[in-house]
Amino acid sequence: MTSKTIANGILRAIGIITGILLLFYFLYVIRSVLAYLAIAAVIALVGRPIVFFLRERLKLPNVLAVVIAMVFMIGLIASIFSLFVPLISEQSKNLSLLNIDGLQRSINSLYKEIIDYIGVSPNIVGNAINDSHIEQNILEGLNLNFIPNFLNSFLEVLSTLSIGLFSVLFISFFFLKDSKLFQNGLLIFVPNTKEKGTVNSINKINSLLSRYFVGLLLQIFILFVIYTIVLAVVGIENAIVIAFLCALFNVIPYIGPIIGGVLMILLTMTSNLGMDFSTVILPKAGYVLIGLTIGQLVDNFFSQPFIFSNSVKSHPLEIFLVIIIAGLLFGVVGMIIAVPGYTAIKVILKEFLADNKIVRSITKNL
């Protein structure tokens, strides 16, 4: 090996690394455009069954079916936003979701109510805690910002979407109008020998993810209805907003329902501070806990099997491991995108590596 060959190899490696870095920088610069494309793709997947129904069952022209589907989804989203965003903004102090200091004070008061109710001496509970210490922040050192983080991120997304709303709707319209638009763009970078397998993979992924996202919306809606009924019957203020927020946490697998449940119980108890603990606060919290349990039973035995088993064709244990690994690697965002991402990977592996024993094992239900 001559020095010239070594030098050319080094230059080639430097060129490849530089190209990769420039590509990542370019993707970082256009990250908002990529976000618009991703959101538009999800909207198109959700609207796909509507367009198919209008076009195949009602025999409407493709463009008219797309327009009706878009109008329906825009109207639905606008109704949700107009209902919840003002209420969340106006009632943020009452809900103590955006005011951490207020939430901590409410929990401190609730703690004192519980101590008084069970008749335990504050000195026994804290070994050195007295009434003056209870009035202090007993949750000092505990970061409660995890509670509003999800909500604040959600509102930030809404704000960002309002800026690029036209872009998202424009892209969604053409994704729905021409279902092969994304496919044709992707095929530009695929060798001719791999085009057929790529097309089959895209069609399969579209079908599975369309059912997954529709099922996810149905899951959130079912929980929202159950939670709203329970909170309204119990007589909790802002029942609709609290129910929506707690149901929305369900998009985070496994951890989300726990956070939503704790939030619902906490808001139920703190919203009734000043009333008698034994006859008002505790019974209401118990009723809400029963309703929360019913909602989770319905979700675990009906909604989730419908979404995971029937839509993405994966075993619950398989999904659990994938979500945990994605959460460890990429945090909450990884947990949210774990199922659709894993589904897409499985479809691609089955199409191009069907003879592999491991691939056959994990894709036998696809």
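Worth a mention:
- Qualifying trypsin sites (Lys or Arg not before Pro) in the stretch 24-84, DSSP loop, other Cβ atoms within 10 Å at most 13: Lys59
- Three-way shape call for the stretch 229-366 based on the alpha-carbon gyration tensor, with the a/c threshold at 1.5: prolate
- Accessible surface of the stretch 169-304 [probe 1.4 Å, protein heavy atoms]: carbon and sulfur percent: 72 percent
- Using all pairs of distinct alpha-carbon atoms, the Kirkwood hydrodynamic radius of the stretch 176-259 works out to 15.8 angstrom.
- Computed over the stretch 248-299, the P(r) curve from all C-alpha pair distances, binned at 5 Å from the origin, holds 5, 21, 26, 21, 14, 9, 4, 0 percent per bin.
- Scoring 236-243, 187-194 by mean Cβ neighbours within 10 Å over their residues and listing the highest first yields 236-243, 187-194.
- Relative contact order (%) - criterion: Cα under 8 Å, at least six apart; region: the stretch 302-363: 21 percent
- Bridgeable lysines around Lys284 (alpha carbons under 24 Å apart, same-chain partners fewer than 8 residues away excluded): Lys93, Lys112.
- Over the stretch 211-284 - Rg/Rh using Cα atoms and the Kirkwood inverse-distance radius: 1.05
The values are calculated or read from the model by the stated rules, or taken from the named source; none is laboratory data. This structure is a prediction, so every number in the text was calculated from the model and none was measured. Neighbour counts are summed over all protein chains in view; Cβ atoms, including those assigned to glycine, are modelled from backbone coordinates with ideal geometry. Quick note on the areas: whole protein, heavy atoms, side chains included, nothing else; ligands and nucleic acids left out. Shrake-Rupley method; radii C 1.70, N 1.55, O 1.52, S 1.80 Å.
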